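The values are calculated or read from the model by the stated rules, or taken from the named source; none is laboratory data. A quick note: this is a predicted structure, and the numbers were derived from the prediction, not measured. Don't worry about glycine lacking a Cβ; one is built from the backbone with ideal geometry, like all the others, and counts go over all protein chains shown. Areas reflect the complete protein model, heavy atoms only, side chains present, ligands, DNA and RNA absent. Shrake-Rupley method; radii C 1.70, N 1.55, O 1.52, S 1.80 Å.
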Amino acid sequence: YVAAVYEHESILSPSPTALVDRHSALELMGRNLDIYEQQVVAAARQGAQIIVFPEDGIHGFNFTRSSIYPYLDFVLHSHSGKWNPCREPYLFNDTEVIQRLSCMALKNKIFLVANLGTKQPCEYTDPHCPPDGRYQFNTNVAFDDGGVLVATYRKHNLYFEYAFDTPPEPDYKLFDTPFAGKFGMFTCFDILFFEPAVNLVRQYNLKQIVYPTAWMNQLPLLSAVEFQQAFATAFNVNILAANIHHPTLGMTGSGIYTPVKSFIYHNMESHGGKLIVAEIPVITTDYETNLEKTPGRVSEKGNEQSPPPFYAEMMYDNFTFVPVWGKKGELQVCANTLCCYLDYQRAVLTDELYALGVFDGLHTVHGTYYVQACALVKCGGLSFSTCGQEVTDATALIDFQLWGNMSTPYIFPLLLTSGITLDFADHRGWKNNHYFISKNRTSSGLLTAALYGRWYEKD
């Protein structure tokens, strides 16, 4: 099927904390919706059957609970009937944004997914009801190609979004399409958690995901395109990921991902949005993880020639590293219960410092979640203290096999190359209670090769 995602540079309110009336809010959102409309037309011309827009793209961000209120549409979350906002605009008040999105889908005969703020009054008898008598949700809406609202999803894992409420229960929201079957949806920070992202995919055996996001890149392990691809690979799904484009805030990185191919956009230089359109296969079977070239020695043997470990901060966590010196070698490094192993060979010895790092613990900055990570990274300079810094360019071509005795089945394989481009491992999978990835010769200089494990039970 043909899918489209749009990385949108949103027109933002100059003062998001100021209180404005509904008319002014609609005027600002209308300017973003005008851009959406042009992109829907462009995508439909290129044959797209579905288009996805980013999180916060219509209203922006940095609101307070009261300042965002005029920007919120009313959406009945569990609307039982088939509501077509474009054809039945008068059913509910405050649905102007929903109506416009519905009309775009209808006019262009395209499935459309967008993110907006929504409100829902609640009774004081409801124990979760906020003091102001209403819920405010960060919401994805999906319309079919006739403009009918087919699914709403309320973001569960909020990322310091004080204007919004967490829904009382995680939403598992699906919608059906004639071209690719069922799609599931979740938003931004959700991708790092079991509920609802992982549970949704597993419970419904989903193969298609739509994913609006407003992601601030954090190298070396959590760049948007890097983790989007890792999720598609780990769960054997297609992901249509639309991010916001605000390079000054570190926000860029969208793509259409299959488990074996990615169509991505990552651009920290230019202004303006970007439409990505790609034809991708509907996944019907599981890609077999290739286990032929398994590690020869997944043994616990101590490695006499391992250089002494050092410690450095990476992703706000205290990693234990060993330097990756010389043209080839075998290394191991351990922390808590996790041991990471690396066999490597460099094509040419460059004057770049690489290190093999391990972290097994609770990550506590910008969210709390338990991580088990084995990471081969390029350091920022030649001193140990630069390992873990954000690096975007590299020249070293390295053949490697990386593995670890992970305690969680949820491993995201990361493979990031120079210029924030992506590569795929040649082989990956489990062998003797160890997860491994291997690669002969990356397409360009290696930035990061990592096993990013999420031990959800220990969150």
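Keeping to region 312-326, report how many residues are closer than 9 Å to G388 by Cβ and of a type outside the set (D, E, K, R).
Of the residues in region 312-326, 5 are closer than 9 Å to G388 by Cβ and of a type outside the set (D, E, K, R).
Kindly indicate which of F227, F186 is open to solvent by less than 10 Å² (accessible area, probe 1.4 Å) and closer than 17 Å to I50 by Cα.
Details: F227 fails: closer than 17 Å to I50 by Cα.
None of the others qualify; the one that does is F186.
Conditions tested, residue by residue: (1) aliphatic (A, V, I, L, M); (2) without any contact (Cβ under 8 Å) to a residue 24 or more places away in the chain; (3) in contact with a Gly (Cβ under 7 Å, 6 or more places away or on another chain).
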| residue | (1), (2), (3) |
| --- | --- |
| Y69 | no, no, no |
| E88 | no, yes, no |
| V141 | yes, no, no |
| G146 | no, no, no |
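Report whether or not G47 is assigned to a loop (DSSP other than H, G, I, E, B), under 20 Å from A105 (Cα atoms) and small (G, A, S).
The answer is yes for G47.
Conditions tested, residue by residue: (1) of a type in the set (D, E); (2) in contact with a helix residue (DSSP H, G or I) (Cβ under 9 Å, 6 or more places away or on another chain); (3) crowded, with 24+ Cβ neighbours inside 10 Å; (4) not assigned by the TED database to the domain that holds Q203.
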residue	(1), (2), (3), (4)
T233	no, no, yes, no
V237	no, yes, no, no
L249	no, no, no, no
S262	no, yes, no, no
N267	no, yes, no, no
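Restricting attention to region 280-288, does a residue exist that is crowded, with 17+ Cβ neighbours inside 10 Å and at pLDDT 95 or above?
yes
Are there any pairs with C-beta distances below 7 angstrom linking a residue in region 269-294 that is within 25 Å of K207 (Cα to Cα) and part of a loop (DSSP other than H, G, I, E, B) to a residue that is among the hydroxyl-bearing types (S, T, Y) and modelled with pLDDT of 90 or more, with the two at least 6 apart or on different chains, and if so which?
I280/Y1; I280/T258; P281/T258; V282/Y1
Among the residues that make up region 25-47, is at least one of them farther than 28 Å from D144 by Cβ and open to solvent by 50 Å² or more (accessible area, probe 1.4 Å)?
Scanning region 25-47, I find at least one residue that is farther than 28 Å from D144 by Cβ and open to solvent by 50 Å² or more (accessible area, probe 1.4 Å), so the answer is yes.
For every residue, the table says whether it meets (1) touching a Leu at 6+ places or on another chain (Cβ under 7 Å); (2) closer than 29 Å to Y159 by Cα; (3) touching a residue at least 40 places away in the same chain (Cβ under 8 Å).
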position: L353; (1), (2), (3): yes, no, no
position: V358; (1), (2), (3): yes, yes, yes
position: H366; (1), (2), (3): no, yes, yes
position: G380; (1), (2), (3): no, yes, no
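Here is a list: G419, G445, G429. Which entry is modelled with pLDDT of 95 or more and within 21 Å of the chain's Cα centre (by Cα)?
On the way: G445 fails: within 21 Å of the chain's Cα centre (by Cα); G429 fails: within 21 Å of the chain's Cα centre (by Cα).
Sole residue among the options that is modelled with pLDDT of 95 or more and within 21 Å of the chain's Cα centre (by Cα): G419.
Each row is one residue, and each column tells you yes or no for (1) modelled with pLDDT of 95 or more; (2) within 26 Å of S67 (Cα to Cα); (3) surrounded by fewer than 20 Cβ atoms within 10 Å (Cβ to Cβ); (4) not basic (K, R).
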{"residue": "S80", "(1), (2), (3), (4)": "no, no, yes, yes"}
{"residue": "L91", "(1), (2), (3), (4)": "no, yes, yes, yes"}
{"residue": "E96", "(1), (2), (3), (4)": "yes, yes, yes, yes"}
{"residue": "K109", "(1), (2), (3), (4)": "yes, no, yes, no"}
{"residue": "L116", "(1), (2), (3), (4)": "yes, yes, no, yes"}
{"residue": "P127", "(1), (2), (3), (4)": "no, yes, yes, yes"}
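Give me a count of the residues in region 129-170 that are open to solvent by less than 10 Å² (accessible area, probe 1.4 Å) and of a type in the set (D, E, K, R).
Total meeting the criteria: 1.
Look at Q120 and say whether it is in the same structural domain as Q46 (by the TED database), surrounded by 13 or more Cβ atoms within 10 Å (Cβ to Cβ) and free of Cβ contacts under 8 Å to residues at least 60 places away in the same chain.
Considered against the rule, which asks whether it is in the same structural domain as Q46 (by the TED database), surrounded by 13 or more Cβ atoms within 10 Å (Cβ to Cβ) and free of Cβ contacts under 8 Å to residues at least 60 places away in the same chain, Q120 comes out as yes.
Going through region 427-443 one residue at a time, which ones are part of a loop (DSSP other than H, G, I, E, B) and more than 22 Å from I256 (Cα to Cα)?
Quick first cut of region 427-443, residues part of a loop (DSSP other than H, G, I, E, B) only: 432-433, 440-443.
Within region 427-443, N432, N433, N440, R441 qualify.
For the list (1) without any contact (Cβ under 8 Å) to a residue 24 or more places away in the chain; (2) within 17 Å of Q136 (Cβ to Cβ), I need the number of the one condition that P178 fails.
Of everything listed in (1) without any contact (Cβ under 8 Å) to a residue 24 or more places away in the chain; (2) within 17 Å of Q136 (Cβ to Cβ), P178 misses just condition (2).
So which residues in region 98-107 are within 17 Å of R22 (Cα to Cα) and open to solvent by less than 10 Å² (accessible area, probe 1.4 Å)?
The answer is I98, and nothing else.
For L447, are the conditions met, namely being surrounded by 19 or more Cβ atoms within 10 Å (Cβ to Cβ), out of contact with any helix residue (DSSP H, G or I) (no Cβ under 8 Å at 6 or more places or on another chain) and over 16 Å from D317 (Cα atoms)?
So L447 passes the test.
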